[in-house]
Every structure is written in structure tokens, then in C-alpha cells.
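Asker: One structure, as C-alpha cells, below. Some questions next.
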Amino acid sequence: MSVRHWIQLRLRNNGLNVERARDPFLDQSLLLGGQAQVIFDGGANEGQTTTTYLKLFPMANIYSFEPSPTLYARLCANCKGDNIFPAQLALSDRKESFFEYNITGYNSFEKCTVDGVNTASEIRVDTIKIDDFCATNGIEMIDILKLDIQGAEVKALRGAMRMLTERRIRLVFAEVHFAAIYERQCFYQEIATLLEKFDLPVFRFYDLRYTKQRRLEYADAIFCAASLNYEQ
């Protein structure tokens, strides 16, 4: 037994459960046994997460979705490879206006209400349902569905009802909100309730962020079947 595990055991025996900070990408690799064939990077921005997934799963086909014309150009420049497939599309179940902000990490279908985040442009973008994209491209299973689309995650998931119903999505990695950042945004409870119906309960939260009033504002979360587990 390692010293770390011995200390954890002693603390647990005294009613304390202490864990080190977890890396969400390492946890995804552990949960999937280091194997992923298909990854969807929804809200790819300039390709930061696509690059991380490529290092972890070099053999996976990675579909990177980014609707912003400016960010899509940067995504294509930053992420090149035979198994990377950039798409200038937004994952959603409907068409509507898309807001680009002075801070690109806030780009969304929803109107941002954060002070200092200002609309740079309001544009129309092409959208696609996950089910339709999979049918068109012959994709039978998504190992990782990553969604960082700023309060519009439920819209993307509603476009994946067939894949979810047929249990063809193994793991969802999403940003989840607990406080209002956008008008008409979805909240954690809506995402969790929807995914729970398809045997994808929450596994763990990561990188919790808080408001100035010390209330939980948003975090990243992994949702996966209980059968995906590991001892670490």
C-alpha cells in the first residue's frame, strides 16, 4: 500500500475523505480504459480541447464543431491531421441567432448578462442535430461528447435523442451552470435530469468556479454509465 493510500485510509477511518484534485481528461481516459474511437468536441473554439484529446487518444477520430467564422479559421490552422475533422457548425436542435462577444469564450446562442462581456456581432450560423450528423457520416457510437457551448447544452442534447435512446453515447463531458450567466440558458439540473434518463448519471465535478458572493457559478462535469468505473 502506498503512503498516500495509507493516509487516505486512516483519514477515512476517522470520518474524513480527502482526495487530490482530479484532471477531467485523465479521468475520461481512465473511465474508457484508454480507448476512444470517436470524439465530438462541441464548442471547439481555437482547438484547445481537440489538441488535448488528440494527445490522449491519438487513434480517435475527432469531430470539432465551431460555428464562429473567426474561431473556425483558427481551429483549422491549429488542428491538422488525418483524424481531425473540423466542422463550421453548431450542435443544436434549432436555428437561431448566434452571439459573438468581445471575450470569445462566452460565444453562444444565448444573450450574455455578465458585466464587461459585450456583443461584438450577432450572426446566423449553420446548425446540425447530432443524430443527423451521425447518420450522414455513418457514426454508430460516440465515445466522448464534449459540450462547452455556454448554456445551450440541452439544445445539443435534444438533437441527440436517437443516439441517447440507443445508448450510443458512452460519456458526456460538459460545462454546467448553477447561476444565471445567459438569458434562456440551461442549468445543471436540466442536463443531469435529461442524461439520467439514458443511464448517464453525473460522475464527478471539476474546476468549480464561484461568484463574488461565494456561490457556485459553473463547473465542468463528466456524465457516464455506472458501469464505467475505475479504482485510482
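The values are calculated or read from the model by the stated rules, or taken from the named source; none is laboratory data. Bear in mind the structure is a predicted one, so any value in this text is a computation, not a measurement. All Cβ positions, glycine included, derive from the backbone under ideal geometry; neighbour counts span all protein chains shown.
Asker: Among the residues of the range 205-221, how many are touching a residue at least 40 places away in the same chain (Cβ under 8 Å) and surrounded by 15 or more Cβ atoms within 10 Å (Cβ to Cβ)? First the steps, then the outcome.
Answerer: Applying the first criterion (touching a residue at least 40 places away in the same chain (Cβ under 8 Å)) to the range 205-221 yields 206-207, 217-221.
Add one more test, that the residue is surrounded by 15 or more Cβ atoms within 10 Å (Cβ to Cβ), and what stays is 206, 217-221.
Of the residues in the range 205-221, 6 are touching a residue at least 40 places away in the same chain (Cβ under 8 Å) and surrounded by 15 or more Cβ atoms within 10 Å (Cβ to Cβ).
Asker: Please verify whether ALA44 is assigned to a loop (DSSP other than H, G, I, E, B), farther than 18 Å from ALA221 by Cα and either at pLDDT 95 or above or in contact with a Leu (Cβ under 7 Å, 6 or more places away or on another chain) (or both), treating the condition exactly as stated. If you could, list the steps in order and put the result at the bottom.
Answerer: On the way: assigned to a loop (DSSP other than H, G, I, E, B): yes; farther than 18 Å from ALA221 by Cα: no; either at pLDDT 95 or above or in contact with a Leu (Cβ under 7 Å, 6 or more places away or on another chain) (or both): yes.
The answer is no for ALA44.
Asker: Restricting the first residue to the range 108-119 and requiring it to be of a type in the set (Gly, Ala, Ser), which pairs with a second residue that is outside any loop (DSSP other than H, G, I, E, B) meet a Cβ separation below 7 Å and a spacing of at least six or different chains?
Answerer: Taking only residues 6 or more apart or on different chains, the pairs are SER108/PHE99; SER108/TYR182.
Asker: Same structure again: Of the residues in the range 136-150, how many are over 11 Å from the mean Cα position of the chain (by Cα), in contact (Cβ under 8 Å) with a residue 40 or more places away in the chain and in a loop (DSSP other than H, G, I, E, B)?
Answerer: Residues in the range 136-150 being over 11 Å from the mean Cα position of the chain (by Cα), in contact (Cβ under 8 Å) with a residue 40 or more places away in the chain and in a loop (DSSP other than H, G, I, E, B): 3 in total.
Asker: Same structure, new question: From the list GLU175, GLU190, which residue is within 20 Å of TYR53 (Cα to Cα) and not aliphatic (A, V, I, L, M)?
Answerer: Values: GLU190 fails: within 20 Å of TYR53 (Cα to Cα).
Testing whether each residue is within 20 Å of TYR53 (Cα to Cα) and not aliphatic (A, V, I, L, M) leaves just GLU175.
Asker: Still on this structure: If ALA179 satisfies every condition in (1) of a type in the set (A, V, I, L, M, F, W, C); (2) in a loop (DSSP other than H, G, I, E, B); (3) within 15 Å of PRO201 (Cα to Cα) but one, which is the exception?
Answerer: That leaves (3) as the condition not met.
Asker: Please verify whether VAL117 is over 12 Å from GLY42 (Cβ atoms) and part of a loop (DSSP other than H, G, I, E, B), treating the condition exactly as stated. Break it down stepwise before answering.
Answerer: Values: over 12 Å from GLY42 (Cβ atoms): yes; part of a loop (DSSP other than H, G, I, E, B): yes.
Here the answer is yes, as VAL117 does meet what is asked.
Asker: Also, quick follow-up: Out of (1) without any contact (Cβ under 8 Å) to a residue 40 or more places away in the chain; (2) touching a Phe, Trp or Tyr at 6+ places or on another chain (Cβ under 6 Å), the odd one out for LEU89 is which?
Answerer: (1)
Asker: Could you please give the count of residues in the range 168-197 that are free of Cβ contacts under 8 Å to residues at least 40 places away in the same chain and either within 17 Å of the chain's Cα centre (by Cα) or under 18 Å from PHE40 (Cα atoms) (or both)?
Answerer: Taking the range 168-197 as the starting set, the residues that turn out to be free of Cβ contacts under 8 Å to residues at least 40 places away in the same chain are 168-169, 179, 186-193, 195-197.
Restricting the remaining residues to those that are either within 17 Å of the chain's Cα centre (by Cα) or under 18 Å from PHE40 (Cα atoms) (or both) gives 168-169, 186-193, 195-196.
Final tally of qualifying residues: 12.
Asker: Quick one: in the range 104-144, which of the residues that are in contact with a Leu (Cβ under 7 Å, 6 or more places away or on another chain) and closer than 19 Å to ALA156 by Cα is surrounded by the fewest Cβ atoms within 10 Å (Cβ to Cβ)?
Answerer: Residues of the range 104-144 that are in contact with a Leu (Cβ under 7 Å, 6 or more places away or on another chain), as a first pass: 104, 126-128, 130, 143-144.
Those still in the list that are closer than 19 Å to ALA156 by Cα too: 126-128, 130, 143-144.
Details: ASP126: 12, THR127: 21, ILE128: 20, ILE130: 29, ASP143: 20, ILE144: 27.
Result: ASP126.
Asker: Identify all residues within the range 103-135 that are under 15 Å from the mean Cα position of the chain (by Cα) and among the β-branched types (Val, Ile, Thr); write none if there are none.
Answerer: Matches in the range 103-135: ILE130 only.
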